[in-house]
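In what follows, a single structure is set out as structure tokens and then discussed.
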Amino acid sequence: MSDEDFDLPTDFPTNIDINNSKPKSPAMPFLKKVMNALNLISYIVVLSTYLIATYSNIGINNLSDEELLNKHPTLLTPNYKSTKFIWGVIFFSQGVFAVAQLWVIRCRDHILLVEGIGPMYILASFAQLIWYVSFAYGMLITSFVFLFGVFVCAVGLLARQYQTFRKAEMKIESKNAADMVVPGTLAKKKEEFVDDGYWLLRFPFGIYAGWISCMIPLMLSIVLSTLEVDVVVLVWVAVMSVALLTGLSMGLLLRKENGLPSYSMPSAIAYFFCGVRVELEAPNDIILAMYDEAYLNLLKNVSAIAAVMLLVTAVSRFGAVYLRDRCMKKEEQNDEYDATAGLDEVDYVQA
């Protein structure tokens with residue numbers, strides 16, 4: 001942004017803080033360091049619990065997570081190998097985040113961390129720890145409650161980041177010199193802020209929230225199964241859960257708000273459907289004894305169709321957005337772009 005874009009007042013202060021127009025409290029840097037340290041500690045605790053439950057001989061309460069899933073099979077239980085893989089991706093990406101937010105300056109002061117994530121990751125980690133332990137000790141209702149708490153924190157974190165994005169977008173569009181740069185970033189354009197910090201500060205929690213969203217109907221099915229609910233009800237819960245998760249993913253993929261569509265959360269949900277489909281190809285003896293073959297085929301078809309639909313939508317949406325952006329850049333380069341009736345107002349399919 002050049003000085004010609006707006007008129008500066010003659011008495012404009014020379015020592016203005018472009019990172020924040022409000023004075024900072026001396027305690028703020030200390031509080032940020034504490035929050036960053038707690039984020040790292042939370043990650044280490046949850047990761048340690050997961051490793052004990054998954055790879056140690058004793059597990060939690062002498063049960064590994066594979067044994068727990070085999071003990072409580074449902075129509076929505078994904079293949080165990082796929083479960084281990086997605087948790088590996090989640091913990092790896094969150095590990096990179098936990099280290100970067102503590103030692104990488106650009107990440108440590110980023111607005112998506114300070115205002116977007118805040119204490120939500122710490123709360124989610126605490127709830128996830130209790131979910132693990134209570135599930136292993138057979139306290140299924142307690143486990144479901146805290147799993148729902150993890151879901152609320154994860155989705156709340158994404159919502160906070162989205163609101164932070166919108167506020168930062170208004171700063172970039174502002175003609176106030178104090179708001180020319182988004183705090184904690186070097187972004188002066190919308191496109192720069194969209195890309196800035198995505199893989200470190202947004203992707204880990206998008207895929208995390210997507211997988212936790214899938215765990216909600218899974219745990220609900222486990223609770224209902226232990227309460228000896230009728231099999232037909234369990235089938236309906238599974239089918240409706242697939243429909244709701246698909247609808248959620250479609251909403252995130254097809255949204256037209258600024259900030260681009262979300263791909264990480266729908267991708268995790270589509271991966272969950274693939275895992276369910278693979279598991280139902282060779283269900284264990286408990287599932288075969290509980291459900292008729294027609295019910296198993298129904299869930300196999302529903303989960304496969306949902307997975308394919310989400311993947312095709314994600315790829316086509318990505319292609320449409322990419323082509324739209326290319327068209328916009330080309331119009332800008334040719335000085336033919338009309339800001340009042342430009343391509344940003346055209347539907348993404350038309351673009």
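The values are calculated or read from the model by the stated rules, or taken from the named source; none is laboratory data. Small disclaimer: the values here were computed from a predicted structure and weren't measured. With ligands, DNA and RNA removed, areas are computed over all heavy atoms of the protein, side chains included. Shrake-Rupley method; radii C 1.70, N 1.55, O 1.52, S 1.80 Å.
Observations, loosely collected:
- For region 66-159, the Kirkwood hydrodynamic radius comes to 15.0 Å, computed from all pairs of different C-alpha atoms.
- Using θ = phi - 60° in the Karplus curve 6.51 cos²θ - 1.76 cosθ + 1.60, the 3J(HN,Hα) couplings for region 44-52 round to 4, 5, 5, 4, 4, 5, 5, 5, 5 Hz; x is entered for Gly and Pro.
- C-alpha center-to-center spacing [region 30-109, region 112-132] in angstrom: 12
- Classified by the C-alpha gyration tensor, region 245-289 has a prolate form. Its axis ratio a/c, with a ≥ b ≥ c, is 1.5 or above, and a/b is larger than b/c.
- Chain lengthening between residue 282 and residue 106 when straightened (0.36 nm per residue, less Cα-Cα): 58.6 nm
- Solvent-accessible surface (1.4 angstrom probe) belonging to residue 66, in square angstrom, nearest 10: 80
- Gyration tensor (alpha-carbon) shape descriptor, region 216-308, a/c threshold 1.5: prolate
- With the whole protein complex present, residue 170 retains an accessible surface near 120 Å², based on a 1.4 Å probe.
- 131, 103, ranked by accessible area, largest first (probe 1.4 Å): 103, 131
- Reference-scaled alpha-carbon Rg (2.2 N^0.38 Å with N residues) for region 32-111: 1.37
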